[in-house]
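Let me begin by presenting the structure, written as structure tokens, before commenting on it.
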There are 2 protein chains.
Amino acid sequence: MAVDGEHVLRLEPTEDEVVIQVEDLHRLARRLYGGAGVPEGDAELMADLQVETDVRGVHSHGTRALPGYIRRILGGHTNPKPEVRVIKEGPSYAMVDGDGCMGHLASVRAMQKAIGKANETGVGIASVIHSRHYGAAACYATMPLEHGMIGFAVSSSSKGVAPFGGTERVMGNHGLAHAVPAGEEYPLVLDMASGVSAWGRVGTMRMYGKKLHMDWVLDEDGNPTDDPHQAHVLLPAGGSNGPKGSAYNLLMDVLSGILPMGLATVNRVGEEFAGQQNASQFFQAIKVDNFIPLEEFTAEMDRMIQTVRNSRRKDGVDRIYLPGEMEWLKKEAWSKSGIPMHKRHVGSLEDMADELGVEVPWR
Amino acid sequence: MAVDGEHVLRLEPTEDEVVIQVEDLHRLARRLYGGAGVPEGDAELMADLQVETDVRGVHSHGTRALPGYIRRILGGHTNPKPEVRVIKEGPSYAMVDGDGCMGHLASVRAMQKAIGKANETGVGIASVIHSRHYGAAACYATMPLEHGMIGFAVSSSSKGVAPFGGTERVMGNHGLAHAVPAGEEYPLVLDMASGVSAWGRVGTMRMYGKKLHMDWVLDEDGNPTDDPHQAHVLLPAGGSNGPKGSAYNLLMDVLSGILPMGLATVNRVGEEFAGQQNASQFFQAIKVDNFIPLEEFTAEMDRMIQTVRNSRRKDGVDRIYLPGEMEWLKKEAWSKSGIPMHKRHVGSLEDMADELGVEVPWR
């Protein structure tokens with residue numbers, strides 16, 4: 001198989017990786033944000049979300065993105081001391097203005113509003129404007145779980161995906177997630193890019209010297225390639241289901257861009273509208289127990305998960321993993337053992353620490 | 001290309017087809033339901049929805065399904081005179097009991113409730129239980145459009161899709177649709193099965209003697225095949241994005257089965273839980289103008305659609321069609337010219353008319 005990790009859970013570090021303890025990574029992240037002028041509470045929250053993302057194994061959206069965020073603060077593109085506020089709300093909806101913040105901060109606030117609305121009316125939706133990259137969508141989609149709710153999060157994006165039948169980087173590659181509470185089993189979590197892959201994952205494959213599926217990217221001439229170094233444009237999710245992937249991608253653009261601020265990712269141009277700048281987001285929470293008792297719901301979730309896990313497998317597949325299951329298993333293991341992280345990833349954090357004059361806990 | 005119609009809009013009838021006028025088809029559908037004991041208003045509504053589906057070119061979910069529905073009424077499996085009622089509601093949610101009705105009837109009622117809730121609170125959701133097959137999801141997802149809302153509909157299903165890594169018909173193939181209002185352009189409509197294809201489409205390919213994509217189905221031995229006659233189990237949508245397709249499929253099962261009635265399609269067994277029996281559904285409407293003015297929203301939708309349509313195409317692709325665009329163009333053409341329908345499809349309607357002693361308008 002060309003692509004790593006599809007049916008195999010890898011918990012041990014590779015030769016290219018070092019193991020970093022969760023508390024050490026959290027301490028460094030907090031210090032780095034503090035060193036860049038981010039207030040203590042926000043630095044703590046950023047460290048929480050990004051380390052949680054790393055311990056789930058989604059490095060592309062965890063602390064690997066941290067040096068980039070800090071550079072944008074230092075470069076004046078992101079507001080280190082934003083006033084995040086609710087600018088409009090009704091019984092089941094709210095709009096949050098991020099004031100140029102790191103997207104994570106406004107996103108947490110918006111999802112809290114959506115959860116509050118869902119408690120009162122059954123379902124809540126919230127949008128965020130004047131925001132930036134929000135990291136891993138799962139951070140927000142999982143917030144409603146402890147309230148007995150189903151969560152959803154989606155963000156605007158940089159452009160990088162061709163529509164079905166096209167070869168141009170015209171559509172966004174929206175980070176989105178759905179999360180559903182379960183009982184004894186882990187909650188179901190779909191954390192994904194709306195295109196065939198996150199660009200971060202293409203970068204990871206490049207870093208680890210791996211090949212891509214042939215139906216993932218086109219090169220500069222519009223031809224399919226499995227070489228991550230030649231990747232010029234991503235295809236819509238779906239392979240031969242391109243029309244579905246393409247359509248779903250546009251729907252994500254509607255929710256994350258047109259509904260919040262009247263501007264589709266598809267129509268964003270220039271630096272000011274790249275993924276890291278002037279981003280917008282959308283969140284939703286649905287309360288389960290208006291429909292059926294939560295225990296009945298979570299018991300049936302468990303039964304669904306077990307039915308799928310125990311169904312007949314293809315030759316060579318040892319186990320069917322449910323959506324998000326590998327990430328929960330990594331979190332369980334790595335919370336104790338520490339997180340295997342690529343040396344270059346660790347190096348970029350250390351470089352940033354040196355630049356800001358901040359102490360590295362493991363050095 | 002193995003699969004018909006992906007980049008080419010075909011409006012002319014093939015050799016296997018005859019052209020039936022919309023009014024004639026509507027008249028026959030109404031008469032057939034009347035002949036099966038369905039009250040006049042419900043017969044009219046069923047004819048509206050099924051003919052609308054045919055004129056959009058989605059024959060698998062239009063009147064081709066009609067003889068099956070009527071057989072289930074005659075066999076006592078579907079209630080021809082149901083009392084469809086709202087059994088519970090709150091500010092933003094409602095539950096509808098279909099009383100064993102054809103799914104269409106309860107679905108229209110539920111979406112009306114969701115639209116009403118969205119008008120009051122910003123977003124509305126509604127579930128349906130004790131229902132049956134609901135035909136084309138687009139019928140309901142498009143209802144919110146004229147209210148300046150984004151619509152969504154999804155149904156429980158018969159089983160027929162393998163999870164990623166699996167070979168067993170363990171997951172449903174949920175009919176779902178999203179619809180988004182536009183301005184001068186046609187509304188964006190995603191009307192699709194959660195698996196790689198609707199079974200009805202596999203049947204259509206069989207009827208027209210066409211091949212499938214190799215990543216659509218497995219045969220009885222779990223091997224890929226492009227022969228629609230050998231199709232035993234559908235794959236999840238997504239091809240090499242199988243994990244996404246599989247995850248999305250389960251999410252649709254959560255919304256359409258577990259949330260409404262605590263029973264996943266995955267866990268339904270036996271005839272009583274097949275797609276036509278004891279189905280359940282979920283609907284949602286989001287009001288646009290709480291977030292931004294509707295004219296701003298629809299103008300940006302138009303701009304998005306035009307940006308995608310005018311982007312660089314692959315060699316051999318004459319035009320990039322937007323989601324739902326081919327169906328709108330068919331409707332525009334066929335509303336005037338009549339609908340090209342396969343002779344066997346027309347024959348099955350005529351046979352049912354003979355069986356019920358009902359006059360066929362075109363004979």
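The values are calculated or read from the model by the stated rules, or taken from the named source; none is laboratory data. What you are looking at is a predicted structure, and each value in this text was computed from that prediction instead of being measured. Cβ: placed from backbone, ideal geometry, glycine included. Neighbour counts: every protein chain shown. To get the accessible areas, we keep the full protein, side chains included, count just its heavy atoms, and leave off ligands, DNA and RNA. Shrake-Rupley method; radii C 1.70, N 1.55, O 1.52, S 1.80 Å.
Dipole of chain B computed with +1 at Lys/Arg Cβ and -1 at Asp/Glu Cβ about the Cα centre; of B:VAL86, B:GLY165, B:ILE305, farthest Cα towards the positive end is B:GLY165. Coupling constants for the range B:96-105 follow from the phi torsions by the Karplus curve (6.51 cos²θ - 1.76 cosθ + 1.60, θ = phi - 60°), and in residue order they are 10, 9, x, 6, x, 6, 4, x, 3, 5 Hz; glycine and proline get x. Only Lys, Arg, Asp and Glu carry charge here, each on its Cβ (+1 for the first two, -1 for the last two); on that basis the range B:130-194 has a dipole of about 440 debye about its Cα centre.
Rounded to the nearest 20, the Cβ-based charge dipole of chain A about its Cα centre (Lys and Arg +1, Asp and Glu -1) stands at 420 debye. Restricted to Cα atoms, chain B shows a radius of gyration and a Dmax of 20.0, 55 angstrom. Adding -39500 (n - 2.57) for every DSSP H run of four residues or longer, then dividing by how many residues chain B holds, sets the calculated 222 nm ellipticity at -11000 deg cm²/dmol. Taking GluC sites (Glu not before Pro) that fall in a DSSP loop and have at most 13 other Cβ atoms within 10 Å as cut points, what is the longest piece of chain A between them? The longest uninterrupted stretch comes out as A:221-358. So what's the net charge close to B:VAL360: Lys and Arg +1, Asp and Glu -1, counting the other residues with Cβ under 15 Å from its Cβ? Net charge in that neighbourhood comes out at -2.
Of the cross-linked pairs A:LYS159/B:LYS314; A:LYS287/B:LYS244; B:LYS210/B:LYS343, those separated by over 20 Å at the C-alpha level are A:LYS287/B:LYS244. Averaged over peptide A:251-264, the number of partner chain Cβ atoms lying within 10 Å of each residue's Cβ comes to 6. Here B:THR307 sits with roughly 40 square angstrom of accessible surface, probe radius 1.4 Å. Residues of the range B:79-121 that bury at least 20 Å² of accessible area once all protein chains are present, compared with their chain alone (1.4 Å probe, heavy atoms only, ligands and nucleic acids left out), are B:LYS88, B:PRO91, B:SER92, B:TYR93, B:MET95, B:THR121. Computed extension length for B:ILE87-B:SER348: 90.2 nm, one decimal, from 0.36 nm per residue of separation with the Cα-Cα distance subtracted.
Across peptide B:283-291, the average count of Cβ atoms from other chains found within 10 Å of a residue's Cβ is 5. Computed on the Cα atoms alone, the convex hull of the range A:16-63 gives a volume of 76 cubic angstrom per residue. Placing +1 on each Lys and Arg Cβ and -1 on each Asp and Glu Cβ, with no other charges, gives the protein assembly as shown a dipole about its Cα centre of roughly 140 debye.
From most to least packed by mean Cβ count within 10 Å, the peptides A:315-324, A:277-286 give A:277-286, A:315-324. A cut-off of 5 Å between modelled amide H atoms, ignoring neighbours fewer than 5 places along the same chain, links B:GLY166 with A:LYS314.
In whole angstrom, the protein assembly as shown maps to an equivalent ellipsoid with semi-axes of 43, 27, 25, each derived as √(5λ) from the alpha carbon gyration tensor and ordered largest first. Scalar couplings 3J(HN,Hα) for the range A:70-77, obtained by applying the Karplus form with A = 6.51, B = -1.76, C = 1.60 to θ = phi - 60°, are 5, 4, 6, 5, 5, x, x, 8 Hz; x denotes Gly and Pro. Between B:LYS159 and B:GLY275, the built amide H atoms are under 5 Å apart, and every one of these is 5 or more places off in sequence or on another chain.
Amide H to amide H distances under 5 Å link B:VAL96 with B:ILE87, B:SER127, B:VAL128, B:ILE129, where only residues 5 or more positions off or on other chains count and H is placed in the peptide plane. Computed over Cα pairs, the Kirkwood radius of the range A:9-116 leads via Stokes-Einstein (0.692 mPa s, 37 °C) to a diffusion coefficient of 216 µm² per second.
Note on A:ASN119 and A:ASP302: their simple-model spin labels are 2.6 nm apart, each label 7 Å out from Cα toward Cβ. Out of B:GLY172, B:GLY203, B:GLY103, any idea which swings most in a Gaussian network model of chain B, alpha carbons joined below 10 Å? Top of the fluctuation ranking is B:GLY203. Counting, for every residue in A:315-327, the Cβ atoms of other protein chains within 10 Å of its Cβ and taking the mean gives 3.
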